[in-house]
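The values are calculated or read from the model by the stated rules, or taken from the named source; none is laboratory data. Bear in mind that the values here come from a model prediction, so they are computed numbers and not experimental data. Don't worry about glycine lacking a Cβ; one is built from the backbone with ideal geometry, like all the others, and counts go over all protein chains shown.
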Amino acid sequence: MKKTILIPVAIVVLILLAFATTNAYRVPSVELTFVETRPGSVETVALTVQGMTCRGKSMTCAGQIENLPGVVSLTTYVRTNTAIIEYDPKVTDVEEIKAAICEPIVYEGKTYHLFDID
């Protein structure tokens, strides 16, 4: 009879442990580098991007900034709506990056405003 109680209790404890340690590990949704050689001066900005809800939206966000001169890399965390962007401050700045991310997308003749920055 103890075995029949022990197994369900162990399962519940493991589930509670999993929920308790969820924030301990941050796994990125997307990690991309846009340049082959890293510039000498690189700064990092962490932005909260509303609308980034899945890996696909993270890739869309990457598409918004990948051709912006000076952007070095992008790492996104969908769970926290965070985009960590490395950039060359001699070429671009945070305001240009924000503007590129928030720029509306035109698809099949319709305009979509996907992202907002907090």
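Scoring Val71 on the criteria (1) modelled with pLDDT of 95 or more; (2) touching a Lys or Arg at 6+ places or on another chain (Cβ under 8 Å); (3) among the aliphatic types (A, V, I, L, M) leaves a single failure, condition (2). Only one entry in Val49, Val42, Val35 is touching a residue at least 60 places away in the same chain (Cβ under 8 Å) and closer than 18 Å to Ile84 by Cα, namely Val49.
If you check Ser41 against the conditions, is it modelled with pLDDT under 95 and over 23 Å from Glu103 (Cα atoms)? If you could, list the steps in order and put the result at the bottom.
Numbers: modelled with pLDDT under 95: yes; over 23 Å from Glu103 (Cα atoms): yes.
So Ser41 fits the description; yes.
Thr53: assigned to a loop (DSSP other than H, G, I, E, B), at negative phi and of a type in the set (Val, Ile, Thr), yes or no? Quick ask: steps written out before the conclusion?
On the way: assigned to a loop (DSSP other than H, G, I, E, B): yes; at negative phi: yes; of a type in the set (Val, Ile, Thr): yes.
Spelling it out, Thr53 is indeed assigned to a loop (DSSP other than H, G, I, E, B), at negative phi and of a type in the set (Val, Ile, Thr).
Please work out which residue is surrounded by the fewest Cβ atoms within 10 Å (Cβ to Cβ), limiting yourself to segment 58-110 and to residues that are assigned to a helix (DSSP H, G or I) and of a type in the set (Ser, Thr, Tyr). Reasoning before the result, please.
So in segment 58-110, the residues assigned to a helix (DSSP H, G or I) come out as 58-65, 78-80, 94-102.
Going one step further and asking which of them are of a type in the set (Ser, Thr, Tyr), we end up with 58, 60, 80.
Working: Ser58: 23, Thr60: 17, Thr80: 14.
Among residues in segment 58-110 that are assigned to a helix (DSSP H, G or I) and of a type in the set (Ser, Thr, Tyr), the one surrounded by the fewest Cβ atoms within 10 Å (Cβ to Cβ) is Thr80.
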